[in-house]
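Written below as structure tokens is the structure these notes are about.
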Amino acid sequence: MAEGKFRQDLLYRLNVVPIEIPSLRDRATDIPLLVEYFIDRFGKKAGKKFRTIDRRALKLFQAYGWPGNVRELQNVIERAVILSEGDIFCVDETWLKRQAPQFARPTAALNSSLQRQEKEMIEAALTESAGRVSGPDGAATKLGLPRPTLDAKIRRLGINKYRFKVHPSN
């Protein structure tokens, strides 16, 4: 953005349609294909050709939780390619840090808590602004957000902004 190559509001524009990709630990069937791709990629870079992949290494990769996601897989494979001396790709299992699976749940709970808090803040701002989203007294101004961003958040959180409108009594 500082170089003028991207518009300042690009992130907000892209965030209208969030794309969720499951983590690697939830896509174990994708691991063999990714392993082959990274071995080929890093093998070419290092001038090495592997005849086969050690089955134990592949099973190890599929059983591992990948807290660092695809980036961690990529790094482990690059390291193994560089350090391999034969034509069979294998990996030292000590390179895969064992992590207790209990860390997955608090993240979901944290996301849920943050969404609930965000929803409460937006609803409070809509209440204060009598349902107005834009303008100097609108909820977007009160929250310090661009109006399109607030509109996207309202849709994503399922907030009915019309219930905050104050109708003049006759």
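Suppose a student asked you for the relative contact order of the stretch 51-96, using Cα pairs under 8 Å spaced at least 6 residues apart; what percent would you report?
On the way: 30 pairs, mean separation 25.7, N = 46.
Answer for the stretch 51-96 is 56 percent.
Within the chain, which whole H helices from DSSP have a Cα span along their axis of at least 15 Å and a mean Kyte-Doolittle hydropathy of -1.0 or more, if any? Please report the intermediate quantities before stating the final value.
On the way: long enough: 31-46 (22 Å, 0.35); 69-83 (22 Å, 0.30); 104-128 (36 Å, -0.61).
Helices meeting the criterion: 31-46, 69-83, 104-128.
Treating the stretch 48-166 as a set of equal point scatterers at the Cα positions, no solvent, please give the Debye-formula log₁₀ I(q)/I(0) at q = 0.13, 0.18 Å⁻¹.
-0.66, -0.88
Once R0 is set to 35 Å, what does the formula 1/(1 + (r/R0)^6) return for the Cβ-Cβ distance between Asn111 and Glu85, expressed as a FRET efficiency to the nearest 0.05? Walk me through the intermediate numbers first.
Details: r = 44 Å, r/R0 = 1.27.
Taking R0 as 35 Å, the efficiency between Asn111 and Glu85 is 0.20.
What value, in deg cm²/dmol to 500, does the helix sum -39500 (n - 2.57) over DSSP H runs of n ≥ 4 give at 222 nm once divided by the residues of the chain? Numbers along the way, then the final one.
Numbers: 7 runs with 85 residues, N = 170.
Theoretical 222 nm ellipticity from helices: -15500 deg cm²/dmol.
Once the convex hull of the C-alpha atoms of the stretch 111-170 is built, how many Å³ does it hold per residue, rounded to a whole number? It would help to have the intermediate numbers written out before the result.
Working: hull volume 4.7 nm³, N = 60.
Spelled out: Cα convex hull of the stretch 111-170, divided by residues, is 79 Å³.
Loop only by DSSP, 13 or fewer other Cβ within 10 Å of the Cβ. Give me the chymotrypsin sites (Phe, Trp or Tyr not before Pro) in the stretch 1-106 that pass, ordered by residue number. Display every interim value, and only then the final one.
Details: sites: Phe6, Tyr12, Tyr37, Phe38, Phe42, Phe50, Phe61, Tyr64, Phe89, Trp95, Phe103; in loops: Phe6, Phe50, Tyr64.
Qualifying residues, ordered by number: Phe6.
Show me the GluC sites (Glu not before Pro) within the stretch 4-77 that DSSP assigns to loop and that have at most 11 other Cβ atoms within 10 Å of their Cβ. Walk me through the numbers on the way to the answer.
On the way: sites: Glu20, Glu36, Glu72; in loops: Glu20.
Those that pass, being in a loop and sparsely packed, are Glu20.
Once the piece of chain linking Ala28 and Lys5 is laid out straight, how much longer is it, given 0.36 nm per residue of separation minus the C-alpha distance between them? Show your work: numbers first, answer last.
Details: separation 23, 0.36 × 23 = 8.28 nm, distance 3.69 nm.
That works out to 4.6 nm of additional length.
Of all the C-alpha pairs in the stretch 1-60, what % are more than 17 Å from each other? Before the final figure, lay out the partial values.
On the way: 1112 of 1770 pairs.
Value for the stretch 1-60 (Cα pairs over 17 Å): 63 percent.
Every read-out reported here was derived from the displayed coordinates using simple, explicitly stated rules and does not represent laboratory data. Only a predicted model underlies this, so the values are computations on that prediction, with no experimental measurement involved. We place every Cβ from the backbone using ideal geometry, glycine too, and count neighbours over all the protein chains shown.
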